[in-house]
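Data first, discussion second: the structure below is written as structure tokens.
The values are calculated or read from the model by the stated rules, or taken from the named source; none is laboratory data. Since this is a predicted model, take the numbers as computed values, not measurements. Cβ atoms come from the backbone with ideal geometry, glycine included; neighbour counts cover every protein chain shown. The accessibility values were calculated without ligands, DNA or RNA, using every heavy atom of the protein model including side chains. Shrake-Rupley method; radii C 1.70, N 1.55, O 1.52, S 1.80 Å.
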Amino acid sequence: MYDIAILGAGRIGRIHAKNVGGQPGLRLKYVVDPVAAAADDLAAEIGATVTDLETALNDPAVAGVIVASSTDTHLDYCLKAVAAGKAVFCEKPIDLDLARARSAQGLLGGKDVKLFLGFNRRFDPNFQGLKARLAGGVVGALETVHITSHDPAPPPVSYVKVSGGLFKDMAIHDFDMARWLLDEPVTEVFAAASCLVDPAIGEAGDVDTAKILLRTASDKICVISNSRRSGYGYDQRIEAFGAKGLVRADNVMESTVSVWGEAGAATDSFQNFFLDRYAEAYRREMAHFAGILRGDELPSVGYADGVEALALAEAAGQSARTGQVVKL
């Protein structure tokens, strides 16, 4: 049995905590959160103990640490947990500042460091199936990728102000997916962005709508579409075009039930929240972390992936501000 400490008892922390409980061989021992009520509530629900960071990291029984705290703490907590000899599962992004993230290369970039970055979409069974078919060559050589990621509705402006912005908070998932699917370095980034959904987001210094174009050294192209509001549900689609055809992963519906009549066919709605749409991906992430703890698996997404995704986010932000292509 591997004891786990979770840092952060908010929305995503609660999901990970419950998945620890559902994973054979893992047990949540500690909850750490500066908001006492949140920590107490989660600990009581799971059967864990509320403690402070130092106690959790100094406990030799703790084998793994889940970093699900506010983004501005991710890098510091990873550094402390790795220094304490723990395996680490850290939510994205690794930090909000690229230079600061890169400065941790010597401590977090080693091949023996057990640091797993939580880019959960790589663990979605639909996207994994798409990746497997591409790797199997069913459509020949990959040429272009289209990634659509539209939220059902914008988050509160209070969240926007501390999120790091659309490119580092939302699109960073899509940057990681693009790197994973293109399977070669991105060399050029061009982004156009606007505030079309909520003026308050613009007043907070952010954008809510963006189109991003990525190009690789071999001239493969990826187009990413982001919006904080779809008006029709949580829109998560990927299309990959090859020399022989198309591989497509479509949206997940609330059910497969549809009604057909004179007016046409009416289907059920899309799953409307990321915790529902990616519930299985989060469970698979935890199973992978368990494999890392057992020594059966190496982190499939690590420090370097976090830094590269953050580099694309910063390049997209620069391109959107200047109107220029950013070369990497």
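List the number of the failed condition for Gly233; all other conditions in (1) modelled with pLDDT of 95 or more; (2) open to solvent by less than 40 Å² (accessible area, probe 1.4 Å); (3) not hydrophobic (A, V, I, L, M, F, W, C) hold.
Result: Gly233 fails condition (1) only.
How many residues are farther than 21 Å from Thr71 by Cβ and either of a type in the set (Lys, Arg) or in contact with a helix residue (DSSP H, G or I) (Cβ under 7 Å, 6 or more places away or on another chain) (or both) if we restrict to the range 88-113?
Matching residues across the range 88-113 total 1.
Which of (1) under 30 Å from Ile201 (Cα atoms); (2) among the aliphatic types (A, V, I, L, M); (3) under 16 Å from the mean Cα position of the chain (by Cα) does Ala153 not meet, given it meets every other one?
(3)
For the range 226-328, which strands (runs of 3 or more DSSP E) that fit wholly inside it have 2 or more residues that are of a type in the set (A, V, I, L, M)?
In the range 226-328, the matching strands (runs of 3 or more DSSP E) lie at 235-242, 245-249, 264-267.
Take the residues of the range 288-301 that are touching a residue at least 40 places away in the same chain (Cβ under 8 Å) and surrounded by fewer than 17 Cβ atoms within 10 Å (Cβ to Cβ): which is nearest to the chain's Cα centre (by Cα)? Before you say what the answer is, go through the steps one by one.
Just the residues of the range 288-301 that are touching a residue at least 40 places away in the same chain (Cβ under 8 Å), to begin with: 288-290, 292-294, 299-301.
The next check asks that each one be surrounded by fewer than 17 Cβ atoms within 10 Å (Cβ to Cβ); those that pass are 294, 300.
Numbers: Arg294: 24, Ser300: 13 Å.
So the residue we want is Ser300.
How many residues are out of contact with any Lys or Arg (no Cβ under 9 Å at 6 or more places or on another chain) and assigned to a helix (DSSP H, G or I) if we restrict to the range 107-148?
Residues that pass the stated criteria total 9.
Look through Leu28, Leu79 and report the one residue that is among the aliphatic types (A, V, I, L, M), surrounded by 14 or more Cβ atoms within 10 Å (Cβ to Cβ) and within 30 Å of Gln318 (Cβ to Cβ). First the steps, then the outcome.
On the way: Leu28 fails: within 30 Å of Gln318 (Cβ to Cβ).
Of the residues listed, the single one that is among the aliphatic types (A, V, I, L, M), surrounded by 14 or more Cβ atoms within 10 Å (Cβ to Cβ) and within 30 Å of Gln318 (Cβ to Cβ) is Leu79.
Here are Ala279, Ala263, Ala309, Ala304: which of them is open to solvent by 60 Å² or more (accessible area, probe 1.4 Å) and within 15 Å of the chain's Cα centre (by Cα)? Show your work before the answer.
On the way: Ala279 fails: open to solvent by 60 Å² or more (accessible area, probe 1.4 Å); Ala263 fails: within 15 Å of the chain's Cα centre (by Cα); Ala309 fails: open to solvent by 60 Å² or more (accessible area, probe 1.4 Å).
Sole residue among the options that is open to solvent by 60 Å² or more (accessible area, probe 1.4 Å) and within 15 Å of the chain's Cα centre (by Cα): Ala304.
Of the residues Val325, Val257, which single one is open to solvent by 60 Å² or more (accessible area, probe 1.4 Å), of a type outside the set (Phe, Trp, Tyr), over 25 Å from Val157 (Cα atoms) and in contact with a strand residue (DSSP E or B) (Cβ under 6 Å, 6 or more places away or on another chain)?
Numbers: Val257 fails: in contact with a strand residue (DSSP E or B) (Cβ under 6 Å, 6 or more places away or on another chain).
After ruling out the rest, the residue left standing is Val325.
Being touching a Gly at 6+ places or on another chain (Cβ under 6 Å), among the aliphatic types (A, V, I, L, M) and touching a residue at least 12 places away in the same chain (Cβ under 8 Å) is true for just one of Ala101, Ala87, Ala61. Which residue is that?
Ala87
When both residues are 6+ apart or on different chains and their Cβ atoms are under 6 Å apart, which pairs have a first residue that lies in the range 236-248 and is open to solvent by 40 Å² or more (accessible area, probe 1.4 Å), and a second that is in a strand (DSSP E or B) and polar (S, T, N, Q)?
Arg237/Thr148; Phe241/Thr144
I'd like to verify a number: residues in the range 140-152 that are within 14 Å of Ala249 (Cα to Cα) and aliphatic (A, V, I, L, M), how many?
Adding up the residues that qualify gives 2.
Residue check, Lys111 against (1) in contact with a strand residue (DSSP E or B) (Cβ under 8 Å, 6 or more places away or on another chain); (2) surrounded by fewer than 15 Cβ atoms within 10 Å (Cβ to Cβ), all met but one. Which one?
Result: Lys111 passes all but (1).
Take the conditions touching a Ser or Thr at 6+ places or on another chain (Cβ under 9 Å) and open to solvent by 70 Å² or more (accessible area, probe 1.4 Å) and apply them to Thr216. Does it pass? Full working, then the answer.
Values: touching a Ser or Thr at 6+ places or on another chain (Cβ under 9 Å): yes; open to solvent by 70 Å² or more (accessible area, probe 1.4 Å): no.
Criteria not met by Thr216.
Under the condition of being under 25 Å from the mean Cα position of the chain (by Cα) and of a type in the set (Ser, Thr, Tyr), which residue from the range 40-73 is surrounded by the fewest Cβ atoms within 10 Å (Cβ to Cβ)?
Ser70
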